[in-house]
């Protein structure tokens with residue numbers, strides 16, 4: 001009997017280009033933060049049309065530094081969504097602030113803009129929206145709220161490359177934006193992240209803070225005939241990116257438009273083909289409104305048990321996942337902040353129905369068709 005083909009949920013799009021670029025860095029003997037990191041930062045900033053890009057070790061580090069540089073700390077509150085990966089709220093906790101959750105919109109899965117103002121208190125200092133799956137939050141409305149209440153807008157753009165909102169790339173709209181280059185993201189450096197901002201002062205401080213607060217990194221000291229003396233000018237962390245990662249990132253950035261075309265093509269096939277199943281609700285995406293990054297393709301199961309559905313697909317060699325378990329349902333957030341089941345009913349209801357289907361540039365059209373056909377088979381059974 002012929003074995004069923006395995007369709008992976010996610011797979012990095014890597015070829016000889018990345019291998020050669022990384023090999024060149026290894027052969028150069030300069031493998032930490034150096035020329036490649038600076039080149040990657042310039043290229044990333046140019047792509048988004050933003051003034052500054054600061055490469056760091058992860059999106060979590062990017063969020064943490066963004067909060068630190070804007071002065072958010074102990075006793076402050078930061079509004080965000082419970083429907084996200086824990087890193088979003090962890091970064092808020094790192095600075096001693098409290099994550100204040102606001103429920104989501106059932107269609108977009110992003111934070112519900114209309115519920116934000118009722119959550120603002122005298123301690124609120126910032127809003128961190130998350131562009132779930134790569135669909136943009138209403139950044140215009142968020143900017144107006146932040147201006148009205150004098151809040152910082154730091155968007156978690158982990159899913160949002162290359163997402164556009166009203167013609168502008170996410171990353172060139174908020175006060176600061178944090179990107180992820182984790183292994184399953186639309187572009188990857190294995191681990192890594194980037195902060196983007198148009199604020200000159202923030203950018204200068206962030207470059208120092210990401211490496212222990214030292215005013216000259218090793219590359220700068222080496223470039224000036226090994227000047228060993230340096231100063232520590234601010235608080236700092238070990239959040240720097242290496243040239244090995246940056247070399248890979250430069251290759252991934254050059255492929256970004258092509259891989260996005262493939263993601264969009266497969267998403268459109270899903271959108272069309274899944275319409276024949278009344279039990280499936282495809283992701284919300286109004287035509288010609290924004291550019292969706294299609295980091296994830298999240299469906300909502302309208303009938304039946306979601307967990308059984310996921311297991312049945314896996315038994316058919318279709319790997320899928322679930323994004324996300326709402327943060328207020330986790331033991332830590334309940335004990336630490338007093339959240340409980342029922343606090344954010346829309347996030348909870350959506351969570352019970354969502355399934356993330358395979359979506360990455362390594363797929364083929366026949367792979368996508370096989371996923372759709374297998375869904376039909378599972379639904380029939």
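Every number in this text was worked out from the coordinates using simple rules, so none of it is lab data. Computed from a prediction, not measured in an experiment: that's the story for all the values here. Please note: Cβ atoms are built from the backbone with ideal geometry, for glycine as well, and neighbour counts cover all protein chains shown.
What FRET efficiency would be calculated for the residue pair residue 264, residue 16, taking the C-beta separation as r and a Förster radius of 25 Å, to the nearest 0.05?
After rounding to 0.05, the efficiency reads 0.50.
Most mobile of 183, 89, 157 per a Gaussian network model of the chain (Cα springs, under 10 Å)?
Result: 183 has the largest fluctuation of those listed.
Suppose we keep just the DSSP beta bridges with both residues in region 78-220; what percent of those would be antiparallel, to 5?
DSSP beta bridges in region 78-220 are roughly 35 percent antiparallel.
What would the Debye equation give as log₁₀ I(q)/I(0) for the chain at q = 0.09 Å⁻¹, counting only Cα atoms as equal point scatterers?
The calculated log intensity ratios at q = 0.09 Å⁻¹ are -0.54.
What is the gain in length, in nm to one decimal, between residue 306 and residue 281 on full extension, counting 0.36 nm per residue of separation less the C-alpha to C-alpha distance?
Answer, rounded to one decimal: 7.7 nm.
Sorted from largest to smallest, which semi-axis lengths in Å does the alpha carbon gyration tensor of region 1-152 give for its equivalent ellipsoid, taking the root of 5 times each eigenvalue?
34, 24, 15
To the nearest 0.05, what FRET efficiency results for residue 112 and residue 6 with a Förster distance of 45 Å applied to their C-beta separation?
FRET efficiency, residue 112 to residue 6: 0.75.
For residue 183 and residue 42, compute 0.36 nm times the residue count separating them, minus their Cα-Cα distance, and round to one decimal in nm.
Between residue 183 and residue 42, full extension yields 48.6 nm more.
In deg cm²/dmol and to the nearest 500, what is the mean residue ellipticity at 222 nm of the chain if only DSSP H runs of at least 4 residues count, each as -39500 (n - 2.57), divided by the residue total?
-11500 deg cm²/dmol
Report the Cα-based extents of region 256-380 along its three principal axes, largest first, to the nearest Å.
Per principal axis, max minus min of the Cα coordinates gives 47, 35, 24 Å.
Report, in degrees rounded to the nearest 10, the 0 to 90 angle that the Cα long axis of helix 35-48 makes with the longest principal axis of the chain.
50 degrees
Once the Cα atoms of helix 243-273 and of the chain are each reduced to a long axis, what angle between those two axes, in degrees from 0 to 90 to the nearest 10, is obtained?
20 degrees
Using a Gaussian network model on the chain with a 10 Å cutoff between Cα atoms, which of 93, 144, 207 fluctuates the most?
So, out of 93, 144, 207, the one fluctuating most is 144.
Could you calculate the contour length gain from residue 166 to residue 86, that is, 0.36 nm times the residue separation minus the distance between their Cα atoms, to one decimal place in nm?
Extra length available between residue 166 and residue 86 comes to 25.9 nm.
Quick check: the distance between the Cα centres of region 271-322 and region 141-158, to the nearest angstrom?
30 Å
Out of all DSSP beta bridges with both ends in the chain, state the antiparallel percent to the nearest 5.
So the antiparallel bridges in the chain amount to around 60 percent.
Work out the P(r) tail for region 256-304: percent of alpha carbon pairs separated by more than 15 Å, whole number.
47 percent
Between 16, 235, 273, which gets the highest mean-square fluctuation from a Gaussian network model of the chain, Cα cutoff 10 Å?
In the Gaussian network model the winner is 16.
Measure off 7 Å from each Cα along the Cα-to-Cβ vector at residue 352 and residue 336, then give the distance between these two points in nanometres to one decimal.
Taking the two extended label points, one gets 2.7 nm.
Note the angle between two axes, namely the Cα long axis of helix 16-28 and the longest principal axis of the Cα atoms of the chain, as a number of degrees from 0 to 90, rounded to the nearest 10.
Helix 16-28 sits at roughly 20 degrees to that axis.
Between residue 28 and residue 144, what is the label-point separation in nm under the 7 Å Cα-to-beta-carbon projection?
Rounded to a tenth, the inter-label distance reads 4.7 nm.
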